[in-house]
1. Of the conditions (1) surrounded by 20 or more Cβ atoms within 10 Å (Cβ to Cβ); (2) modelled with pLDDT of 95 or more; (3) not hydrophobic (A, V, I, L, M, F, W, C), E217 clears all except one; give me its number.
2. In the set R85, R111, R130, which member is at pLDDT 95 or above, among the charged types (D, E, K, R), over 14 Å from the mean Cα position of the chain (by Cα) and closer than 28 Å to A299 by Cβ?
3. Restricting to the range 71-94, name every residue that is away from ligand 1 (no atom under 15 Å from the Cβ), of a type outside the set (V, I, T) and assigned to a strand (DSSP E or B).
4. Name every residue in the range 252-291 that is within 30 Å of S187 (Cα to Cα), exposed (fewer than 14 other Cβ atoms within 10 Å of the Cβ) and over 21 Å from the mean Cα position of the chain (by Cα), in order of residue number.
5. Suppose we filter the range 94-115 for residues that are within 16 Å of ligand 2 (Cβ to nearest atom) and within 26 Å of A17 (Cα to Cα); how many remain?
6. For the condition out of contact with any Leu (no Cβ under 8 Å at 6 or more places or on another chain) and either farther than 22 Å from S285 by Cα or part of a loop (DSSP other than H, G, I, E, B) (or both), what is the one hit in G68, G63, G59, G120?
7. Restricting the range 95-117 to residues that are closer than 14 Å to G63 by Cβ and assigned to a loop (DSSP other than H, G, I, E, B), which is nearest to ligand 1 (Cβ to nearest atom)?
8. Is there any pair with a first residue in the range 91-114 that is without any contact (Cβ under 8 Å) to a residue 40 or more places away in the chain and among the aliphatic types (A, V, I, L, M) and a second that is part of a loop (DSSP other than H, G, I, E, B) and within 16 Å of ligand 1 (Cβ to nearest atom) whose Cβ atoms are under 8 Å apart and which are 6 or more apart or on different chains, and what are they?
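The values are calculated or read from the model by the stated rules, or taken from the named source; none is laboratory data. Small disclaimer: the values here were computed from a predicted structure and weren't measured. Every residue, glycine among them, receives a Cβ derived from its backbone with ideal geometry; neighbour counts consider all protein chains shown.
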Amino acid sequence: MRVARGLALRWMAGAGATLGEAVVDDAFARDDVLVRVRVAGICRTDLFVAEGLLEARDGVVLGHELCGVVEAVGRDVDDLALGVRVTAHPYVRCGGCVACEADRPGACERRQQLGVHRDGAFATWVKLPRSALHILPMHLDERAGAFVEPVAAALGVLDAPIDRSSRGAVWGTHRVARLMASVLAASGFDRVELVDAASPRVAPSTFDFIVEATPTEEAMKDMLSAVRPLGCIVLKSRPPKAIALDFARAVEREVTLRAVRYGSFEDAIALLARGALATDELFGSVHPLARFADAFAEARAEERKIFLAPEGT
Ligand SMILES: [Zn+2]
Ligand SMILES: [Zn+2]
């Protein structure tokens, strides 16, 4: 068995995020694909794991937002040429549950999350099943390739019962909130505004729908007032701790609360490929993997997306 070695950023209990070795062998499952990582984005999930706020497998390689190149494939993979660029769905599906049958791996209860349960993208290589991969156009900027996952997450909002002509808000003004507003605008919603969750100043019953981007009890209370009766609040965040909800208020106004996770990865790729999102404003710097500590510090402070490049830029 041949073994190749490279760099990997691992989460080690007690030591936090630590630079280690990526070791890949050529023992492929039939549907495995070996991807050489070109660029990987740092997500809040990675920061939560690195800070010990989110439980992860000890020794797991962090990272789930990637743009890479197919380097080797298992026997059953016949639709991916070597050298093709790919990105990944961060949830590797079980393939047999209700969510997987509905092609919604985001809601699979037996999913293996990249960078949490199974080795992720902050490494020279990552091995993934074919079903988790999406092909990227060759002309797409590598950072945009690694940004497909956040865009697909924002596109999840379109699964909620909301109307393009109705008046909407995204509750928050941070990076993810702004991304959701841009994705909605690029998808034909032209009456959506950003609301500063810290000081909302919104009259009651102003909006037909609100996309939650600030998961706090205070914000939930404000949103239940700002949405009109029979309106919709789209729940989008996954706060590490539970927050309270004013049931009576929601019931009295017959508000629809709809939780969404991921939209279509193909649609996300198409949006990025046609330049529909102002990525210049969204993308920050790219760091080599060895400088992960600086990159993580920047990702905590910076509003733009920070990237790691395992092989340098
Ligand atoms: Zn992410
Ligand atoms: Zn499943």
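1. Condition not satisfied by E217: (1).
2. R85
3. If the condition is that a residue be away from ligand 1 (no atom under 15 Å from the Cβ), of a type outside the set (V, I, T) and assigned to a strand (DSSP E or B), then E71, A72, R85 are the ones that fit.
4. Within the range 252-291, E254 is the sole residue that qualifies.
5. 6
6. The unique qualifying residue is G59.
7. Only one residue tops the list, namely G115.
8. Filtered contacts from the range 91-114: no entries.
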